[in-house]
Amino acid sequence: MNEWQEEALQLTAIDRQAELAARQASELVITKPWSSEMAEAIRAGRVTRVVCNYALGFDEPTLDFLRDLPVRELVVLDRRLPSLDAIYTLAPTLELLEITTDPGISLDLLRLPRLQTISADWAQVANTIMALADLRSAAFGAYQPHDLSPLAPLSELTTLSMKDRPRLRSLAGLDALPRLADLGIYLAAELRDISQLRGRATIERLELEACRRLDSTLALEGCTGLRTLSLAEGGQMDTLAPVGELVRLEELYLHGSTRFLDGDLTPIAGLPRLQELRMQNRRHYRPTVAEITAQLPRAA
């Protein structure tokens, strides 16, 4: 490992530790009955992030205890809750909302204009998502449209994630998201067309995992800003040749069922910044995965 790689790894680790420490210091994970002391910590600004996770002990019957508190970030994981109406009273301060609740309970995002980050089932937000023109990060479960065109109003998005078997067939509409730098799509069984990625040098992280109908990497041509790429748990793909042009790539995940028919791994063997490779070896691969990983820098 050369000096710049060592320094980059150290700085990244320090930044992550500092971010985690800052978040934990201002986070309240509710593991016992709600109290006036908890409410006072939020009013005093010592707590800005609240986590309500039934798996961690949250057992309040509603979210009414949060009404009118200056919460900036709210994470709710509890499908037993009968209503989300109390969330609207947080509108003056709420910037991040991540919910895993009854998908039949919809959210009116017109009433939460300050949101910068949203994570919810698509059915809960589909009717009002266009109201959040300044949204920066979105994660949708069970996305139903066949392409990205319904997201066109969200032109400020930098991060987009879709899980729980989205029904995407293509990435048509991606051009309407010019600032997108982080795209993750998981278990999209019908996704075939990713040609809209070609030439998108602004994308830094791309994860198309368990999208088994994808059969070519040619759409990655010109994605020269990529630092992380995952095509893990995919199907049979043609070649790694376009990946060899991604000279900023640091992390490459091709493990599981993903298989490259031409067997030529030389394109990734020459990637100058590659630090991590996860890939299932195949008999016809040359050079072998082990030969490539043996040349990668080791984290200190």
How high is the FRET efficiency between A91 and L187 when r is their beta carbon distance and R₀ equals 25 Å, given to the nearest 0.05? 0.15
Kindly provide the GluC sites (Glu not before Pro) of region 41-149 that DSSP labels as loop, not H, G, I, E or B, and whose Cβ sees at most 13 other Cβ atoms within 10 Å. none
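What percent does the relative contact order of region 141-300 come to when contacts are Cα pairs within less than 8 Å and at least six residues apart?
Values: 415 pairs, mean separation 22.6, N = 160.
It comes to 14 percent, rounded to a whole number.
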Scoring the chain by relative contact order with C-alpha pairs under 8 Å, at least six apart, yields a percentage of 8
Acute angle (nearest 10 degrees) that the helix 3-25 long axis makes with the longest principal axis of the chain, alpha-carbon atoms: 20
Identify the residues of region 149-164 with backbone N under 20 Å of a label point that sits 7 angstrom from the Cα of R213 along the Cα-to-Cβ direction, or state none. 149-151, 161-164
Under 10 Å, Cα contacts only: if you run a Gaussian network model on the chain, which one of V51, V243, V71 comes out with the highest mean-square fluctuation? V51
Linear extension gain, T224 paired with A269, 0.36 nm per residue minus alpha-carbon span: 14.5 nm
Give the distance, in whole Å, between the Cα centre of region 256-289 and the Cα centre of region 74-97. 45
As a check on your grasp of the helix formula, calculate [θ] at 222 nm for the chain: sum -39500 (n - 2.57) over DSSP H runs of n ≥ 4, divide by the residue count, round to the nearest 500. -4000 deg cm²/dmol
Computed on Cα atoms, Rg of region 67-182 relative to 2.2 N^0.38 Å comes out at 1.02
For region 189-269, alpha-carbon Rg over 2.2 N^0.38 Å: 0.97
Rg to Rh, two decimals, where the chain supplies the alpha carbon set and Rh follows Kirkwood: 1.02
Can you compute 3J(HN,Hα) from phi for each residue in region 258-266, using the Karplus curve 6.51 cos²θ - 1.76 cosθ + 1.60 with θ = phi - 60°, rounded to whole Hz and x for Gly and Pro? 4, 9, 9, 5, 6, x, 8, 9, 4
Please give the peptides 58-64, 181-187, 226-232, 259-265 ranked by average Cβ packing (other Cβ atoms within 10 Å per residue), highest first, as a rough proxy for protection. 226-232, 181-187, 259-265, 58-64
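Stokes-Einstein diffusion coefficient for region 141-300 at 4 °C in a medium of 1.567 mPa s, Rh from the Kirkwood formula over Cα pairs: what value in µm²/s?
In µm²/s, the coefficient rounds to 82.
Bear in mind that the values in this text are calculations on the coordinates, not laboratory data. Please read all numbers here as calculations on a predicted model, not as lab measurements. Quick reminder, even Gly has a Cβ in these numbers, built from the backbone with ideal geometry, and neighbours come from all protein chains shown.
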